[in-house]
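This report concerns only the one structure given below.
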Ligand SMILES: *[C@@H]1O[C@H](CO)[C@@H](O)[C@H](O)[C@H]1NC(C)=O
Ligand SMILES: *[C@@H]1O[C@H](CO)[C@@H](O)[C@H](O)[C@H]1NC(C)=O
């Protein structure tokens, strides 16, 4: 009996610390500070408040907005977050609240209801919302909450990720009246295939060809390029127009995070109503019964760590995640790929660099 217990214990000990045993090869074990968990993956200290602002409100935003902002007085960086094809902005509430709890104001426009317009009109609407911020943001926030528009990030999921990049790249017909400081794509999708890109096309299939001088983070999904059933032709985030190609085309500084066990629609809230759930069924997703919460905290935490690094100049958490993603992140990630300043783009195609150098 005792022997059996001992065997069980040894087996348990041998299997348990698997993810940790890799750590000391990169980080010295004596450096106790790195062993503390990274707090960006936990809910932050601010209390997020959500509000819906209709386009008929006195502040007249060009499109209805979901605003998620801290309850606490202060000045916070701003994130413009664009929804995916036929998705409602409210379906992203969990991840947006998570980000806001770390001291961010998120503005998520509803660019259209169900039928996507042409890429160009969607982009132009997104540009109008961005331009409205300079005069309108003050109007939709309480007096003691201020949006810091010098730290404005563009972000989006799926086709909304394409919109964020296309806007940053200057493809809108509406001329920009505001500067963007960072771009984050959450499983961005630029069409149904390499030959069928959304217009205006942004992918050129050349490494580092995005003409952007701001930092970029690309979050993908390991299952996004798989069809939901093996005999179906179409995946929700097909190869050639998805995260891997966005990462190929971004310039340094740029990083690529791929949660292996989750799919394209797993970033959204659990409760997304009947239509949302139907949309979720057509995309391959996490295993039945597996919580999506680790994925949302991983995506939210990457958002926060990235923006803390580039907006607030504190790269502590971001570097920890880049070097040892699977020690810190709640969802399993592929090795993080990253292009740092000074990387030569010509040699990037098969590159995977664990470390990220900040100046
Ligand atoms: C955008 O940035 C440029 C260059 O830094 C600056 O000249 C311009 O005034 C900025 N525009 C706005 C609207 O802040
Ligand atoms: C930078 O971030 C880390 C992790 O959140 C925090 O412990 C540290 O105090 C921050 N440093 C500064 C200078 O704010």
_Can you list residue pairs whose Cβ atoms sit under 6 Å apart, with the first residue in the stretch 175-198 being more than 14 Å from residue 85 (Cβ to Cβ) and assigned by TED's automatic domain parsing to the domain that holds residue 235 and the second being within 16 Å of ligand 1 (Cβ to nearest atom) and in a strand (DSSP E or B)? Count only pairs 6 or more apart in sequence or on different chains._
180/152; 180/154; 181/151; 181/152; 182/153; 183/154
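Here is a yes/no grid of residues against (1) outside the structural domain of residue 96 (by TED's automatic domain parsing); (2) within 16 Å of ligand 2 (Cβ to nearest atom); (3) surrounded by 21 or more Cβ atoms within 10 Å (Cβ to Cβ):
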site: 243; (1), (2), (3): no, no, yes
site: 246; (1), (2), (3): no, no, yes
site: 260; (1), (2), (3): no, no, no
site: 277; (1), (2), (3): no, no, no
site: 299; (1), (2), (3): no, no, yes
site: 310; (1), (2), (3): no, yes, yes
site: 321; (1), (2), (3): no, yes, yes
*When residue 141 is evaluated against the numbered criteria (1) more than 16 Å from ligand 1 (Cβ to nearest atom); (2) touching a helix residue (DSSP H, G or I) at 6+ places or on another chain (Cβ under 7 Å), which criterion, by number, is the only one it fails?*
(2)
_Restricting the stretch 173-196 to residues that are within 16 Å of ligand 1 (Cβ to nearest atom) and in a strand (DSSP E or B), the residue that is nearest to residue 123 (Cα to Cα)_ = 183
*Go through 212, 167, 232 for me and flag whichever is buried (at least 18 other Cβ atoms within 10 Å of the Cβ) and part of a loop (DSSP other than H, G, I, E, B).*
212
*asked:* Of everything in the stretch 313-330, what is outside any helix (DSSP H, G or I) and in contact (Cβ under 8 Å) with a residue 24 or more places away in the chain? Give them in sequence order.
replied: 315, 324, 329, 330
*Would you tally the residues in the stretch 58-87 being closer than 24 Å to residue 273 by Cβ and surrounded by fewer than 20 Cβ atoms within 10 Å (Cβ to Cβ)?*
4
*Can you tell me how many residues in the stretch 147-164 are surrounded by fewer than 22 Cβ atoms within 10 Å (Cβ to Cβ) and more than 16 Å from ligand 1 (Cβ to nearest atom)?*
0
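The values are calculated or read from the model by the stated rules, or taken from the named source; none is laboratory data. On a predicted model such as this, the values are computed, not experimentally measured, just so you know. Glycine also receives a Cβ, built like all others from the backbone with ideal geometry; neighbour counts cover every protein chain displayed.
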